[in-house]
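Only one structure is covered here, and it is reproduced in the block below.
Throughout, read-outs are computed from the coordinates displayed, never taken from laboratory work. Just so we're clear, the structure is a prediction, and the values are computed from it rather than from any experiment. Virtual Cβ from ideal backbone geometry, glycine too; neighbours counted across all protein chains shown.
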Amino acid sequence: MTIMYKAFWTPAKLILLLAAYSLSGCGSDSTPDTSSTPPEGNHCRTQNSFENMGTEETHPGFTELRCPALAEHTSDITDQQLEVIDNNHQYIERYAMADPNNQTALPDVDFSEKRVVFLHMGEQPSSNHLIQVTEVSESESSITITYEAITPCDDCGADGALTYPYCFIAIEQTDKPIVFNELAVTECWLEP
């Protein structure tokens, strides 16, 4: 099997990209304060969620394996995918397809105890898109995975580069069906 690799993002290029985001700003002085007023119309929620994204992190009900804060600029996947992975072969395959240029080690998963859930937003028309799992809950009949599909506000300073946001999480092994609950969010998640 031949794998084609696209342009590689060096650390220097990523630093320049982050600097461009910072200089372009996100929102304006006229953006309402969400802590005291409810959103009206096309309001842009703002938060700085960059600090812990992309690292293995444990939450109640799941562990983030890889959920990069900056959506990658390469992927072999162009359509949205929500998939439950039950074996190491499939996990390695999806991990490589999600970001062919990824240089980080594949997080270990014991498939006798865990299942991996892969969420991919597909190809997005600009930067500043993000996918973030917010909750995994269990009922008598199913497991519900709630996630935010975050798109940038009009004034977030997102560039026109195609991006491919994705997230891998691990959940406890179960035979219950998995239900996905998407929350569409408009947000500037990278503050100036």
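Once both labels are positioned 7 Å from their Cα atoms along Cα-to-Cβ, the gap between Thr134 and Gln81 label points is 2.6 nm. Label zone of Asp110 (point 7 Å out along Cα→Cβ, amide N under 17 Å): in the stretch 136-173 this covers 170-173. Karplus-derived 3J(HN,Hα) values for the stretch 148-164, using 6.51 cos²θ - 1.76 cosθ + 1.60 with θ = phi - 60°, are 9, 9, 8, 10, x, 5, 4, 9, 7, x, 5, 8, x, 6, 5, 10, 9 Hz; glycine and proline are entered as x. For Thr58 and Thr146, the difference between the fully extended length at 0.36 nm per residue and the C-alpha to C-alpha distance is 30.1 nm. The length gained by stretching the chain between Asn88 and Leu183 to full extension, at 0.36 nm per residue less their Cα-Cα distance, is 31.3 nm.
Per-residue Karplus couplings for the stretch 177-185, computed as 6.51 cos²θ - 1.76 cosθ + 1.60 with θ equal to phi - 60°, are listed in order as x, 9, 10, 9, 10, 8, 10, 7, 10 Hz, Gly and Pro entered as x.
The local environment of Arg115, defined by Cβ-Cβ distances under 11 Å, has a net charge of -4 under the rule Lys, Arg +1 and Asp, Glu -1. The loop-placed GluC sites (Glu not before Pro) in the stretch 123-169, going by DSSP, that have at most 11 neighbouring Cβ atoms within 10 Å of their Cβ come out as Glu140. For Gly61, the shell of other residues with beta-carbons less than 10 Å away shows a net charge of -3, using +1 for Lys and Arg and -1 for Asp and Glu.
Report, in debye and to the nearest 20, how large the dipole of the stretch 88-192 comes out about its Cα centre when Lys and Arg carry +1 and Asp and Glu carry -1 on their Cβ.
The dipole of the stretch 88-192 has a size of about 300 debye.
Val84 sits among other residues whose Cβ lies under 13 Å from its own Cβ, and their net charge, with Lys and Arg +1 and Asp and Glu -1, is 0.
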